[in-house]
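Pasting in a structure now, in structure tokens, and then I'll have a few things to ask.
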Amino acid sequence: MLDQLAGHPHADAEVNRALSADDKVALLRQMVRIRRFEEASLKYYNAGKMGGFLHLYIGQESVAVGSISLCGENDHIITAYRDHGHALAVGMGMDECMAELYGKRTGCSKGKGGSMHFFAPDKNFWGGHGIVAGQTPLGLGLAYGLKYKGIKGAALCYLGDGAVNQGAFHESLNLAELWDLPVVYVIENNGYSMGTSQERSSAFQNCLAQRGDAYGIEWDVGKGHDLYEVRAKTQVALERAHGECRPTILEFDTYRYQGHSVADANAKKYRTPEEIEHYKQNYDPINVWKNQLAAEGILDEGVYKELDTEAKEEAKASVDFAENSPYPNPSELTDDVYWEVDEGTEAGKTGRHFFHD
Amino acid sequence: MPQMLYRNALNRALDEELARDENVVIIGEEVAEYNGAYKVTEGLWKKWGDKRVVDAPISEAGFIGMGIGASMLGVRPVMELMFFSFAYVAFDQMVNNAACVRYMSGGLINAPIVVRGPANGGTNVGATHSHTPENIFANVPGLKVVCPATAYDAYGLMKSAIRDNDPVYFMENTLLYGDPAAGSEIPEAEFTVPIGVAEVKREGSDVSLIAHGRSVIVALQAAEQLREEKGVSAEVVDLRSIRPLDEETVLASVAKTNRAVLVDENKPFCGVSAQIAATIQEKAFDDLDAPVLRVTSVDAPAMYSPPVEKEQIPNVRRVVERVMQLG
């Protein structure tokens, strides 16, 4: 057993020891579902079925799945534009997500948000935000709201390594520490802010999370491909948020296989094929976890094939759902702009709200 | 009934809303222990304490964005910008997040936040502190923008803004805070002024002066001078709310007077008055006996030099001259 866990020093963390065999397979299933969903979205994006950008999470699945697996009913989640993985991890369905990519009325945002803007507040998921680091003050606000209302919870706010140099993030860190807010900033460090490597974009000593020292914020860094490690370190941060109402910065090293977005014309120029292949071969989070579960004797190839087939079928069914869904009607353009208008309140009927012809 | 100043009317509205709804929280620079840079929040921290009235560091993108995030969870933050000009360092939060989050979520989320503060020139603080961004924010669907000119409207609109379930950007004026001309008699019983309803502040028959914010006070003074010195009867329409906009009151006034002069502290290019002019020409063309004219700020960054800045923003002399140009 010890040999099997040699590559997973956090397997013995309490939060991981509490996992049943079924729980562990469920985590694998979540990662595989995200991977197959995104592979399907890539296929149909390339077939011209979708507009705009498609920022794929492939290669990073263990970070969202591992950390979100720890969230309770009063923990809230918010991320940037690479949001498909987080959306599925919080429990959003493939159908509503795929339909959103297709710009269909049945999409999670009725076709009004697109790939970068998935939301499910009923699942404590607050997006899906397109501007780099723009979500970091919002995540702080979720934490503020929890504390203000006396709710014991946390806000998990994800950001990429490219977001750490935005002022909004630094302002958020200052406020998080100043006001003791239960926010966990999770830097998903895939090494590149679009086409610019960490070394060419960020001043840092040992890691990006270490910037927390400047604010007196506890921080930690870990291997993002290792579900046990993601869970163990996230749990420490969540306990700090829940128990002490204090912030944390976590940084998980990870890697994206695709370009910044599918429209990233230079995706194969700023990284060598060898670098990408090295990660795939050695650190692919699904393979690492799958091998781990095999080593623990709780997964055989047959079970994996079954859940993989199910995920592919679910993804294909979501494509069919999206294909067969209607587009929004242009008359719906001005719905969902103002709450008061949508609800037909007196305030919503007073004065002219829209100024087109 | 005694006159209440604009600043004190706002203070009363904030105090009453803090009492009415425990989710209302005031956050801003110097709003608590300092009592407000312009004393709008004077006494509220002492009365309501640290939880309800919160001093923020100078970090507008951070704390405004934080307030937007908290509002998504049902907190109702009333955020003070010491100057509304500082909105420009929080612009991403105020536009991309507050205004768009409802739309991008397909209507699943709303952000019931108020951002308030003075948005005016005329105080010799130079270009950076003298912006009037009501036109800029009113250009953004999802936002509401109000610019009260009097203490009565400031009180009533603030209560409506805090109770509104959409983001409301509430633009005040440092020159009105203590100006007796903007003071009002305010009944003891609470009331609200609905957002999206203009008001005829002075009846007249020869020309409609259509204005918002402090320009309403200027227009009222100009109307008096026009009556006394020129024998011209000017009606003054106070927009009060920029978005949503009460077009009916504007059009009814133009139908009555057949002439319109728009008084607007915005810069002229795409200023609020440009929208009003477009509305009038589209919907009241046949009512007009003369072109729609405007008095706006002179089209340059805000001047520091005190006597010259008085000429840059709308003033009584410029309004009277423009009205007389109508012939």
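On the given criteria, is B:Asn120 farther than 24 Å from B:Asp21 by Cβ, crowded, with 24+ Cβ neighbours inside 10 Å and in the same structural domain as B:Ile136 (by TED's automatic domain parsing)?
Against the criterion (farther than 24 Å from B:Asp21 by Cβ, crowded, with 24+ Cβ neighbours inside 10 Å and in the same structural domain as B:Ile136 (by TED's automatic domain parsing)), B:Asn120 qualifies.
Report yes if B:Ala154 is at pLDDT 95 or above, within 26 Å of A:Glu343 (Cα to Cα), aliphatic (A, V, I, L, M) and in contact with a strand residue (DSSP E or B) (Cβ under 8 Å, 6 or more places away or on another chain), otherwise no.
The answer is yes for B:Ala154.
Let me ask something additional. Every residue in region B:252-266 that is over 17 Å from the mean Cα position of the chain (by Cα) and either in contact (Cβ under 8 Å) with a residue 60 or more places away in the chain or crowded, with 19+ Cβ neighbours inside 10 Å (or both), please.
B:Ser253, B:Val254, B:Thr257, B:Arg259, B:Ala260, B:Val261
Please state which of the following conditions B:Phe269 fails to meet, knowing it meets all the rest: (1) more than 20 Å from the chain's Cα centre (by Cα); (2) exposed (fewer than 13 other Cβ atoms within 10 Å of the Cβ).
(1)
Another question about this same structure. Are there any pairs, at least 6 apart or on different chains, whose C-beta atoms fall under 6 Å, with the first in region B:97-118 and more than 7 Å from every other protein chain (Cβ to nearest Cβ) and the second among the acidic types (Asp, Glu), and if so, which?
Between residues of region B:97-118 that are more than 7 Å from every other protein chain (Cβ to nearest Cβ) and residues that are among the acidic types (Asp, Glu), the close pairs are B:Arg116/B:Glu80; B:Gly117/B:Glu80; B:Pro118/B:Glu172.
Of everything in region B:56-89, what is in contact with a strand residue (DSSP E or B) (Cβ under 9 Å, 6 or more places away or on another chain), of a type in the set (Gly, Ala, Ser) and within 14 Å of B:Val114 (Cα to Cα)? Give them in sequence order.
Residues satisfying the conditions are B:Gly67, B:Gly69, B:Ala70, B:Ser71, B:Ala87.
Across region B:221-232, what is the number of residues that are surrounded by fewer than 24 Cβ atoms within 10 Å (Cβ to Cβ) and touching a Leu at 6+ places or on another chain (Cβ under 8 Å)?
1
Before we move on, is A:Ser109 closer than 17 Å to A:Phe53 by Cβ, facing another protein chain (nearest Cβ under 10 Å) and hydroxyl-bearing (Ser, Thr, Tyr)?
Working: closer than 17 Å to A:Phe53 by Cβ: yes; facing another protein chain (nearest Cβ under 10 Å): yes; hydroxyl-bearing (Ser, Thr, Tyr): yes.
Answer is yes for this residue.
Answer yes if at least one residue in region B:36-54 is facing chain A (nearest Cβ under 9 Å), at pLDDT 95 or above, part of a loop (DSSP other than H, G, I, E, B) and over 23 Å from B:Thr132 (Cβ atoms), and no otherwise.
Kept after step one, since they are facing chain A (nearest Cβ under 9 Å), are these residues of region B:36-54: B:51, B:54.
When the remaining residues are screened for being at pLDDT 95 or above, the result is B:51, B:54.
If we keep only those that are part of a loop (DSSP other than H, G, I, E, B) too, we end up with B:51.
If we keep only those that are over 23 Å from B:Thr132 (Cβ atoms) as well, we get B:51.
Looking for residues that are facing chain A (nearest Cβ under 9 Å), at pLDDT 95 or above, part of a loop (DSSP other than H, G, I, E, B) and over 23 Å from B:Thr132 (Cβ atoms), one finds at least one in region B:36-54, hence yes.
Read through the list (1) in contact with a strand residue (DSSP E or B) (Cβ under 9 Å, 6 or more places away or on another chain); (2) over 21 Å from A:Gly66 (Cβ atoms); (3) at the interface with another protein chain (Cβ under 9 Å from one of its Cβ atoms), then give the number of the only condition that A:Asn165 fails.
With respect to (1) in contact with a strand residue (DSSP E or B) (Cβ under 9 Å, 6 or more places away or on another chain); (2) over 21 Å from A:Gly66 (Cβ atoms); (3) at the interface with another protein chain (Cβ under 9 Å from one of its Cβ atoms), A:Asn165 is out only on (3).
Right, another one. From B:Met82, B:Met94, grab the single residue that is within 20 Å of B:Glu172 (Cα to Cα) and more than 14 Å from chain A (Cβ to nearest Cβ).
When all the criteria are applied, what remains is B:Met82.
Sort out which residues of region B:55-76 are under 21 Å from the mean Cα position of the chain (by Cα), β-branched (Val, Ile, Thr) and more than 7 Å from chain A (Cβ to nearest Cβ), and write them in order of number.
Matches in region B:55-76: B:Ile64 only.
The values are calculated or read from the model by the stated rules, or taken from the named source; none is laboratory data. Computed from a predicted structure; not experimentally measured. Don't worry about glycine lacking a Cβ; one is built from the backbone with ideal geometry, like all the others, and counts go over all protein chains shown.
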